[in-house]
Amino acid sequence: MTVGTPRYRELGLTDHEYELIVEKLGREPNDVELAMFSLLWSEHCAYKHSRKLLARLPTEGERVVMGPGENAGAVDVGNGYAVAFKVESHNHPSAVEPFQGAATGVGGILRDVFAIGARPIAILDSLRFGELDSVRSRHLLDGAVRGIGHYGNSIGVATVGGEIYFEEPYEHNCLVNAMCLGLAKTKDMVRAAAAGVGNAVVLMGASTGRDGIGGASVLASAELGEGDEAKRPTVQIGDPFEESKVLECCLELLEKGLLVSLQDLGAAGLTSSAGEMASAGGVGIDLDVAKVPLRETDMEPFEIMVSESQERMLAVVEPARVAEVRAVCEKWQTGSAQIGLVTDSGQVRILRGDDVVGEMPVEALVDGCPLYDLEPADPGSWIYGNRATMGLGISSEDELLALLASPSIASKRWAFEQYDSVVGSRTVRRPESADAAVLQLPESGNAIAVSIDGNGRRVACDPYAGTVEAVLECAQNLACVGAEPLGLTNCLNFGNPEKPGTAWQLDRSVSGLADACTALGVPVVGGNVSLYNEGPDGPIYPTPVVGMVGELPDPSRVAGSAFAAAGDAIALLGPFSPTLAGSELAKQRGELDVGLPQPDVAAVTAACAIVRDAVRESKVASAHDISDGGLVCALAESAIGGGIGCAVDVQPLRDRGCSPEEALFGEGSGGFLLSGERAELVALGANLIGEVGGTTIEIAAGDRSLTVGLAAAESAWRSLSQRAEAVA
Amino acid sequence: MIWGVLQFPGSCDERDALHACSLSGEARLIWHESRDLDGVDGVVVPGGFSYGDYLRAGAIARFSPAMEAVAGLAAAGGPVLGICNGFQVLCEAGLLPGALLLNENLRFVCRQLNLVTDGETLSIPAKHGEGRYYAPEEMLDRIEANGQVAYRYAPGQNPNGSVRDIAGVRNEAGNVLGLMPHPEHAVDPLTGSTDGLRVFESMVRFAA
């Protein structure tokens, strides 16, 4: 045992928190109890630095079926069906071991969705790495993409979309956020609250091993001396085959009405699952660790309680139904064991056979952690680096090609072709064919669209405006396929909230999220917070990742983002007044600084409605949101996608006060690039800017006019694969 | 025509195959432990990762009770269609010639591509990590001479390094067909193509 540093401090508890635990127990906690408290009172489980902020978010809405607090949120899509969805991070495991870290990230979010009785139908991923010229970044990228594919492909859930950004501040601390959507009959959905004193607690799925004993590994070393066990990797190992069986098993159990409640085992394993089920149900739980099926026979009770072995689910079952439940588990060749009982004690009691090895009030364990106020302070200046990769005074043509070749803007085909995007027969719009993925729902006779977004660089420039922009970009992406937003999930990836600068970013970002959602009328139905994302060089860019789900009546009318036919008119719609602040061009020039213009949410919302209706009525041939790289990159993407050029004059943006450079490369919310019949576009109130046709991208912008061949643009835009696979 | 679609632990595309079959007849799932094919006229061995593809893709599934019954149906001349993992299972079971190896670039690939058969071109998605068709030269010469190469990837579209661009093969009698691309995912214009229906239709004539 370490002399000098108390064990609770090594486990991440403060002196004050430890005193509170002693006070609530009326005694010192033993090793099992200390391990359990340290996990449930961690930032990850208790949200102790973010919970007060999250209270600002709007969570109510007509279509909300399940909101925050359940394993996943859910919205009504009609005809008795609901779509469940949630995004979660697996950042630190992926930074240590990207393949298993990303794979188990997908596995974990899938379990969250089927835990409420929804069949997973789609996965999206939001990934952040350091610059692609770093060997480490390429290693992490390759491992994470393989890991996501390995798990999602093997379990038969389509990966339909996502985004990848490459920025220096993610060099050491990459981000892997996975989002899952599921479809459920609303009447079959189940909550996580334990209920019914005397009911059985059944553990299903994989056996429990020493993998993923995260924070508690420190305790392990203190307990076991200098044994090798303590040095085992703390990253969990995924087995998608096991999860596939557990998934089918749980859905069959729910369909047969055999379960009272269901919860997945994620971070903090049995400790958080049992604790949260008891807390939500206002009951107590007895668990006998001797009944937990183990991979290794000599595991200590605390190890069993904190193990993060994957592919496990915890269910509450009426005693008379246990045999039937176990028979279904046997059919699916997956494990099951009755390991405990629901009690009226208000305590979580941990037994090993007849011995009580831990006993804690549920209230103290799950809800007793103190919540902290942040101490935010605006750093007032740009705290991240600037690295110029583009010379000043180069031609507009070269600037366009450099932007298209930027790995954050370039085609991500290399990644998404490694994912099964078609399984399930729902995918109407595959990755890169439209701004949002579109999935048909024959069950409810309509379709849903989903988009995931979050540009950390812009949030770093202005945490409030940048977060508003992330929400608006999702809304714009949905509008481009004719969808109306139903609900939103988010993952807040930030640095250390105990530092005033990061606290300020978090505080401003949550306010932006809350205000944008309120103004759009989109409820937040769930989310996740990942803090302490820092490397030796400082914090990551503040990165709120927003996942938005919308509904559309007729998937056959979905527009694509590609130009459709020569002769179609091209038009701009929306309150788009781009500037170079926070843009990809500013990054490449090494000119990033604080400050972004404040988006006009009401005006963007109105533009979204116009585009949505136009798409639904087939009045446009293509619709594309203008985002990274500005208007030129949006034009190039639509042209490359359609295999046809365009000729455009940016005068309407000049009339709004933009310089030629801002008109071409500036970024900001609210811009839609549409193509179609001239009269239809004019009737929408859009500004005509040019025409589809030819084999070049030709843009008149005063002294910055440019002409680039379609082939050259495509070659730059498709350059990611060679660079991602570069060996050294 | 009644189709049976096998369901193993780890199958992924069985529900999609069931839907595709139901467009041209009746269709039902057959559990892997069933030794009885329940009176179906033909069988689809679907895509996915049967038994986790542990050991080797298809290596465990070929020993399942349901596959014994499928071998019986095949011997009796009934239609058997193996898709992706099902193709791997049929090769492992010796019902089709050749084997499927890891893709040449060692990566999973999901892509809409064109298949050529008897002068016809079909647009069908492929998605697999172990889809590189391989057979010894003399076997390739023989199956080509026998007309057993059912589908080839269109020129320049071979996604996995398969020998002679082979995407699908049949047995000598023609009633057992396996292919890596997924015809069950090409039966709806909304999701990309309806060309996959042609693959199912091509098997119907073998039904008793």
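The values are calculated or read from the model by the stated rules, or taken from the named source; none is laboratory data. All of these numbers come straight from a predicted model, not from anything done at the bench. Because the Cβ atoms are built from the backbone with ideal geometry, glycine has one as well, and the counts that use them run over all protein chains shown.
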Considering each residue of the stretch A:524-534, count those that are in contact with an Asp or Glu (Cβ under 6 Å, 6 or more places away or on another chain) and not aliphatic (A, V, I, L, M), and give that number.
1
Of the listed residues (A:Ala483, A:Ala470, A:Ala434, A:Ala465), the one being more than 19 Å from A:Gly550 (Cα to Cα) and in contact with a helix residue (DSSP H, G or I) (Cβ under 8 Å, 6 or more places away or on another chain) is A:Ala465
State the number of residues belonging to the stretch A:230-289 that are among the hydrophobic types (A, V, I, L, M, F, W, C), more than 14 Å from every other protein chain (Cβ to nearest Cβ) and closer than 23 Å to A:Glu303 by Cβ.
12
Of the residues in the stretch A:662-695, those that are assigned to a strand (DSSP E or B) and either charged (D, E, K, R) or not assigned by TED's automatic domain parsing to the domain that holds A:Gly567 (or both) number 2
With touching a Pro at 6+ places or on another chain (Cβ under 9 Å), surrounded by fewer than 19 Cβ atoms within 10 Å (Cβ to Cβ) and not acidic (Asp, Glu) as the only criterion, which of B:Ser50, B:Ser34 stands out?
B:Ser34
Selection count where residues are on the phi < 0 side of the Ramachandran plot and either of a type in the set (Asp, Glu) or over 27 Å from the mean Cα position of the chain (by Cα) (or both), scope the stretch A:537-575
16
Can you find a residue that is part of a helix (DSSP H, G or I), within 14 Å of another protein chain (Cβ to nearest Cβ) and buried (at least 21 other Cβ atoms within 10 Å of the Cβ) anywhere in the stretch A:416-423?
yes
For the stretch A:562-597, give me the residue count where each residue is polar (S, T, N, Q) and in contact with a Cys (Cβ under 7 Å, 6 or more places away or on another chain).
1
Unique residue being closer than 22 Å to A:Gln440 by Cβ, touching a residue at least 40 places away in the same chain (Cβ under 8 Å) and polar (S, T, N, Q) when the list is A:Asn79, A:Asn71, A:Asn30:
A:Asn79
Output the number of residues of the stretch A:650-661 satisfying the condition of being more than 15 Å from A:Glu698 (Cβ to Cβ), in a helix (DSSP H, G or I) and in contact (Cβ under 8 Å) with a residue 24 or more places away in the chain.
4
Selection over the stretch A:99-123 where residues are within 17 Å of A:Ile164 (Cβ to Cβ) and surrounded by fewer than 24 Cβ atoms within 10 Å (Cβ to Cβ) yields a count of 1
Residue list for the stretch B:5-46, restricted to those being under 30 Å from A:His150 (Cα atoms), more than 8 Å from chain A (Cβ to nearest Cβ) and assigned to a loop (DSSP other than H, G, I, E, B)
B:Phe8, B:His32, B:Glu33, B:Ser34, B:Pro46
So is B:Gln88 more than 12 Å from chain A (Cβ to nearest Cβ) and either under 14 Å from the mean Cα position of the chain (by Cα) or modelled with pLDDT of 95 or more (or both) or not?
yes
Which of the residues belonging to the stretch B:46-103 are polar (S, T, N, Q) and under 22 Å from A:Lys245 (Cβ atoms)?
B:Ser50, B:Ser64, B:Asn85, B:Gln88
Filter the helices (runs of 4 or more DSSP H) completely within the stretch A:1-66 down to those with at least 1 residues that are at pLDDT 90 or above.
A:7-10, A:15-25, A:31-40, A:51-54
Which residues, counting only those in the stretch B:58-78, are under 28 Å from A:Thr427 (Cβ atoms) and either out of contact with any Asp or Glu (no Cβ under 6 Å at 6 or more places or on another chain) or polar (S, T, N, Q) (or both)?
B:Ala61
Residue by residue through the stretch B:47-56, note down the ones that are over 23 Å from B:Gly72 (Cβ atoms), part of a loop (DSSP other than H, G, I, E, B) and within 10 Å of chain A (Cβ to nearest Cβ).
B:Phe49, B:Tyr54
Elements of type helices (runs of 4 or more DSSP H) in the stretch A:562-649, at least 1 residues being without any contact (Cβ under 8 Å) to a residue 40 or more places away in the chain and within 27 Å of A:Ala447 (Cβ to Cβ)
A:601-616, A:630-642
Could you please find all residues in the stretch A:424-457 being facing chain B (nearest Cβ under 10 Å) and in contact with a Phe, Trp or Tyr (Cβ under 6 Å, 6 or more places away or on another chain)?
A:Pro431
Anything in the stretch A:125-157 that is within 14 Å of chain B (Cβ to nearest Cβ), in contact with a Cys (Cβ under 9 Å, 6 or more places away or on another chain) and of a type in the set (A, V, I, L, M, F, W, C)? List them, or say none.
A:Leu141, A:Ala144, A:Ile155, A:Val157
Being among the hydroxyl-bearing types (Ser, Thr, Tyr), surrounded by 24 or more Cβ atoms within 10 Å (Cβ to Cβ) and under 28 Å from the mean Cα position of the chain (by Cα) narrows A:Ser622, A:Ser675 down to just A:Ser622
Residue that is aliphatic (A, V, I, L, M) and closer than 30 Å to B:Cys110 by Cα, where the choices are A:Ala402, A:Ala364:
A:Ala402
